[in-house]
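The values are calculated or read from the model by the stated rules, or taken from the named source; none is laboratory data. Values in this document were obtained by computation on a predicted structure and should not be read as measured data. Heads up, the Cβs are rebuilt from the backbone with ideal geometry, glycines too, and the neighbour counts pull from every protein chain shown. Please note that ligands, DNA and RNA were not included when accessible areas were found on the heavy atoms of the full protein model with its side chains. Shrake-Rupley method; radii C 1.70, N 1.55, O 1.52, S 1.80 Å.
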Amino acid sequence: MFDFFVGSHTGYSRLRSPVQHRRFIFHLKSRFWVIRDVLEGIGLHALEASWHFAPGSLHDIPGGTLFVSDDLAPLALLFTANCSCKKEISQDWYSPVYGSREQAPTFRLTTRTSLPAEFTTMLIPDSEVAAHMGFLQPIESGHKGVSVRALRYSTARASDHFFFADESGNWQVGMCASDARFLYCSTDSKTTISQFVICGGSYFEWNGRRLFDANLPVKHSEWSRDESERSILQPSAPAVWHEPVSKAAEPASRPATSGDI
């Protein structure tokens, strides 16, 4: 199961050089959150992203920071940006109740750069951190079609891929092709698809094999190898999944019923 949110505000429109802030949040439940912040405008701007934590400690790790709360529950924060950033860990304050404040750590990213600019942050809870820690990096090569921001979270066991399209239309990045406004997919160590989520798209191909088809773009849909998680959520047309298989096996197609939830 997942949540996907897109929002924006015009709080920076009062600036001499106005800026619009757009935020995308993808929550793959029980695994992680991905937060993409896009700042659009013109000219040079000083940018800052601050993450305020509960009481505990922050520890520097490659690509981010590791938070350990006072009850020893870890949370990893990984980030990537399309500009060079300075990272800083400092002590700030939080208020547990009215009239009281306590020290708590803050992780802060700062930069001075020309717009547009963006930060992508990944929050990984204790169960994932304890199992395996990976790296969050942009996918730069093999792009065709409309503009797409592509990222990969890689561990020794699997890879998670995230694709944010800036406009409607067909696109291809590496082995992945779609017309989705947002696409998530997970691959195992053999690069076989084990799960995917598609939002605002009608098809998904991986390594030349079409894994999802719909007559019209669906609002959101997901598939997992776990049969209990197989579902189509509010499609605008009947859709078909094509089961991902290894090279030694034959593909199997399964029609999916559709309906509003």
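Taking every alpha-carbon pair under 8 Å whose residues sit at least 6 apart, region 98-220 reaches a relative contact order of 15 percent. When you filter the chymotrypsin sites (Phe, Trp or Tyr not before Pro) in region 64-156 for DSSP loop state and at most 12 other Cβ atoms inside 10 Å of their Cβ, you are left with Tyr98.
The gain in end-to-end length when the Thr155 to His143 segment is fully stretched comes to 2.0 nm, 0.36 nm per residue minus the alpha carbon separation.
Enclosing the Cα atoms of region 38-190 in their convex hull gives a volume equal to 147 cubic angstrom per residue.
Length gained on full extension, Asp70 to Ser114: 11.9 nm, using 0.36 nm per residue less the C-alpha separation. For region 36-158, averaging the sequence separation of C-alpha pairs within contact (under 8 Å, six or more residues apart) and dividing by the residue count gives a relative contact order of 30 percent.
Report the net charge of residues surrounding Ala54, where surrounding means a beta-carbon distance below 10 angstrom and charges are Lys +1, Arg +1, Asp -1, Glu -1. Net charge around Ala54: -3. At a Förster distance of 51 Å, what's the computed FRET efficiency of Arg210 paired with His9, Cβ-Cβ distance as r, to 0.05? Calculated transfer efficiency: 0.85.
What are the equivalent ellipsoid semi-axes of region 1-82, built from the alpha-carbon gyration tensor (square roots of five times its eigenvalues), in whole angstrom, biggest first? Could you put the intermediate results ahead of the total?
Values: eigenvalues 161, 60, 26 Å².
They are 28, 17, 11 Å, listed from largest to smallest.
Given R0 = 35 Å, the distance between the Cβ atoms of Asn82 and His59 translates into a calculated FRET efficiency of 0.85.
Taking only protein heavy atoms and a 1.4 Å probe, the accessible area of region 7-120 is 54% carbon and sulfur. Averaging the Cα positions of each part gives two centres, and for region 7-70 and region 93-170 these lie 8 Å apart.
Given in Å, the Rg to one decimal and the Dmax to the nearest whole number for the Cα atoms of region 107-225 are 15.2, 45. Here region 135-201 is treated as a sphere whose radius is the Kirkwood value from Cα pairs; by Stokes-Einstein at 25 °C and 0.890 mPa s it diffuses with a coefficient of 206 µm²/s.
For trypsin sites (Lys or Arg not before Pro), the sites in region 38-138 that DSSP calls loop and that have at most 16 other Cβ atoms within 10 Å are Arg101. As a ratio to 2.2 N^0.38 Å, the alpha-carbon radius of gyration computed for region 1-47 takes the value 1.45. A DSSP coil position with no more than 11 other Cβ atoms inside 10 Å describes the following trypsin sites (Lys or Arg not before Pro) in region 2-45: Arg14, Arg16, Lys29.
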